[in-house]
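Visitor: Structure incoming, see below.
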Amino acid sequence: IAQHLYLFQDFWYPSNFIEGVINFQKHFQAKDSDVIVATVPKSGTTWLKALTFAILNRQRFSSSHNHPLLTSNSHELVPPLELIFHVDNIQDKLSDLSNITEPRVFGTHVPFPSLPKSIKESNCKIVYICRNPFDTIVSLWIFANKNNPLNELTIEETLEKYCKGIVGFGPTWEHMLGYWKESIANPNKVLFLKYEELKEDINFYVKRVAEFLDCPFTEEEESNGVIENIINLCSFEKMKNLEVNKSGTVGRKYEKKYFFRKGEVGDWVNYFSPAMIEKLSKTMEEKLSGSGLSFKTSP
Ligand code: A3P
């Protein structure tokens, strides 16, 4: 049974998100120190949330071996998947949010035009990540099948829907272009990242995110290996193998273990037929040409 999607403010939402998104728009009060991790689903949300949290909170753990990302028994020490609220996913918890230690970090899949006013009007920052559509489709298809074995869509059908824009938080083109344009118009507000670029040079991008969030690494931190530490703690292998990420569910009953599959660039070659490659390449050309936005599709 395919997931029901509803068109809301020009984007397709899974039906069980609508209420949360409306609550988010109506009630969320951004603080200037907030950081919003905005993403296309299956594009590196889990990774970027962990990196952002680790970068912002590095002082709290740099002197101890008990990194908050590795332990699980207090509010600040919860594992990455629960660490950061998906603000578009919460029903009645908005009032609790004011008690979170600053700087608060929130995740969202909501497209730029539909973000709450207070996010746009405050000085809070947005880090955005997306990924080449080839790998995103494979990741999405496998994730949907694992979480919902009754999902009867083939990968070809998933591709068709993706190209028509009818996937959760789609059209993905519009999602990416919304944040892309904003990052150009307002580079201090939105940092636009791509999964492939982080895979290629994570050291550079950890520094870039820290600078963007106005907390650049000191020379001392650099020479003490703080950056390497963060990269290592947030790596695919490390996060996948955390006990806390191996069982249980998160958000709307998504199995945590399914958030860690392969973590590579270019795995799509194992799934795409020539016809699928042609279809997606054509659609991307049509949707993205002239925008300046392009993707690497191999490592
Ligand atoms: P694959 O399915 O291609 O392996 P999201 O977090 O937005 O749901 O994206 C999930 C994708 O990111 C999955 O891709 C997953 O394996 C990958 N991923 C999860 N944690 C990662 C990490 N720490 N580093 C790199 N990739 C990661």
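The values are calculated or read from the model by the stated rules, or taken from the named source; none is laboratory data. Because the structure is a prediction, the values reported are computed rather than measured. Cβ: placed from backbone, ideal geometry, glycine included. Neighbour counts: every protein chain shown. Only protein heavy atoms, including side chains, enter the accessible area calculation; ligands, DNA and RNA are left aside. Shrake-Rupley method; radii C 1.70, N 1.55, O 1.52, S 1.80 Å.
Visitor: Looking at the range 109-145, which of its residues are out of contact with any strand residue (DSSP E or B) (no Cβ under 9 Å at 6 or more places or on another chain) and within 19 Å of residue 277 (Cα to Cα)?
Guide: Answer for the range 109-145, where residues must be out of contact with any strand residue (DSSP E or B) (no Cβ under 9 Å at 6 or more places or on another chain) and within 19 Å of residue 277 (Cα to Cα): 133, 134, 135, 137, 138, 139, 140, 141, 142.
Visitor: Any idea which residue in the range 1-54 is modelled with the lowest pLDDT, counting only those that are farther than 25 Å from residue 138 by Cα, within 16 Å of the ligand (Cβ to nearest atom) and aliphatic (A, V, I, L, M)?
Guide: This residue is 54.
A quick yes/no check of all residues on (1) closer than 22 Å to residue 211 by Cα; (2) within 16 Å of the ligand (Cβ to nearest atom):
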position	(1), (2)
114	no, no
117	no, no
124	yes, no
132	no, yes
141	no, yes
154	no, no
162	no, yes
174	no, no
180	yes, no
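Visitor: Also: Looking at 265, 244, which one is assigned to a loop (DSSP other than H, G, I, E, B) and open to solvent by less than 40 Å² (accessible area, probe 1.4 Å)?
Guide: 265
Visitor: From 182, 200, 255, 221, which residue is open to solvent by 70 Å² or more (accessible area, probe 1.4 Å) and of a type in the set (Asp, Glu)?
Guide: Unique residue meeting the criteria: 200.
Visitor: So is residue 250 closer than 21 Å to residue 162 by Cβ and either touching a strand residue (DSSP E or B) at 6+ places or on another chain (Cβ under 7 Å) or within 14 Å of the ligand (Cβ to nearest atom) (or both) or not?
Guide: For residue 250, the condition - closer than 21 Å to residue 162 by Cβ and either touching a strand residue (DSSP E or B) at 6+ places or on another chain (Cβ under 7 Å) or within 14 Å of the ligand (Cβ to nearest atom) (or both) - is not met.
Visitor: Determine which single condition residue 166 fails, assuming it passes every other condition in (1) surrounded by fewer than 18 Cβ atoms within 10 Å (Cβ to Cβ); (2) without any contact (Cβ under 8 Å) to a residue 60 or more places away in the chain.
Guide: Failed condition: (2).
Visitor: For the range 2-58, give me the residue count where each residue is at positive phi and in contact with a Leu (Cβ under 9 Å, 6 or more places away or on another chain).
Guide: 2
Visitor: Among the listed residues 239, 276, 284, which satisfies the condition of being within 11 Å of the ligand (Cβ to nearest atom) and buried (at least 17 other Cβ atoms within 10 Å of the Cβ)?
Guide: 239
Visitor: Determine whether the range 195-217 contains at least one residue that is among the charged types (D, E, K, R), part of a helix (DSSP H, G or I) and touching a helix residue (DSSP H, G or I) at 6+ places or on another chain (Cβ under 6 Å).
Guide: Looking through the range 195-217, none of the residues is among the charged types (D, E, K, R), part of a helix (DSSP H, G or I) and touching a helix residue (DSSP H, G or I) at 6+ places or on another chain (Cβ under 6 Å).
Visitor: Shifting gears a bit: Of all helices (runs of 4 or more DSSP H) completely enclosed by the range 57-158, which ones contain at least 2 residues that are surrounded by 19 or more Cβ atoms within 10 Å (Cβ to Cβ) and at pLDDT below 70?
Guide: Hits in the range 57-158: 80-83.
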